[in-house]
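Written below as structure tokens is the structure these notes are about.
Nothing in this text is a laboratory measurement; each read-out follows from the coordinates by a stated rule. Because the structure is predicted, anything quoted here is derived from the model rather than measured. Note: ideal-geometry Cβ built from the backbone for every residue, glycine included; neighbour counts use all protein chains shown.
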Ligand code: RIB
Ligand code: CA
């Protein structure tokens, strides 16, 4: 039985939810960041921590700065974190996102600077300075930064209200190998650390994001908003969609990462199950697979809310309404 996701597990609806977005932009990461920055009544973005993933760290960091400037949010702290997975060589996805990681629109080189602090130290220091259970982490890329912070400073665990991450797959199986989704595959050891941390986790897998497709009609609505942000989003989608349309024959690009932010804003758009999810780190054949006990056939202890469905029309209505605020 899938349960309708209700109000967020943490925090109350009157207060803003403090979040840190950990990201590897990536066009879909960019839309997630823009959605979060347009939702200032609900979300307080404490910072954006960048990780190597879709493209190397040097580029994900620059891309995050470009997105903040596009949003006219030079106040946002952007920090660079880990440039390689914990134990493996970096695998990137230029074949999907282009050589810059943000192909599509022509965005100016940023004049904003990265914060001098390393993103992992920022995660640790910020969590240590906040009340217990008050900060939600929103990983949109490989989990290297998050796992490194947990390993280096396990005392931060009680400070984390929830981790809401884009990653993994069950019914949808893999998108980078037959068994694994990209974010988990790039750093499976990091994912294993996060999934065994005991922190409340909500997983937004391909099972959900492959139902959040930017059809031509939906992208035309973005473009019709007419702002520089909205046109850039439409141009990102025009580029980003070609890979998935060719591979899956789908009618548009799956907007993976914005689903994480939409979950924070309107959890009732989603359904899922609280189940056990383990990460494959030994088999080269299924490395990075999220072994989700969806049918509860094991005695393994549930450790994650694993989402399975989305109200796609509701998601795009929310996203379009928020993009219209720029
Ligand atoms: O598999 C999709 C995920 O990998 C998304 O977060 C995308 O940005 C890439 O990081
Ligand atoms: Ca991403």
*How about region 191-219: which of its residues are closer than 11 Å to residue 165 by Cβ, assigned to a helix (DSSP H, G or I) and within 16 Å of ligand 2 (Cβ to nearest atom)?*
191, 194
*Identify, by number, the condition in (1) surrounded by 18 or more Cβ atoms within 10 Å (Cβ to Cβ); (2) closer than 19 Å to residue 325 by Cβ; (3) over 17 Å from the mean Cα position of the chain (by Cα) that residue 74 doesn't meet.*
(1)
*What tally of residues in region 18-55 results from selecting those that are over 17 Å from residue 263 (Cβ atoms), away from ligand 2 (no atom under 15 Å from the Cβ) and in contact with a strand residue (DSSP E or B) (Cβ under 8 Å, 6 or more places away or on another chain)?*
2
*Filter region 171-190 down to residues that are buried (at least 24 other Cβ atoms within 10 Å of the Cβ) and in a loop (DSSP other than H, G, I, E, B) and give me whichever is farthest from ligand 1 (Cβ to nearest atom).*
187
*Would you call residue 233 within 16 Å of ligand 1 (Cβ to nearest atom), assigned to a loop (DSSP other than H, G, I, E, B) and under 23 Å from residue 94 (Cα atoms)?*
no
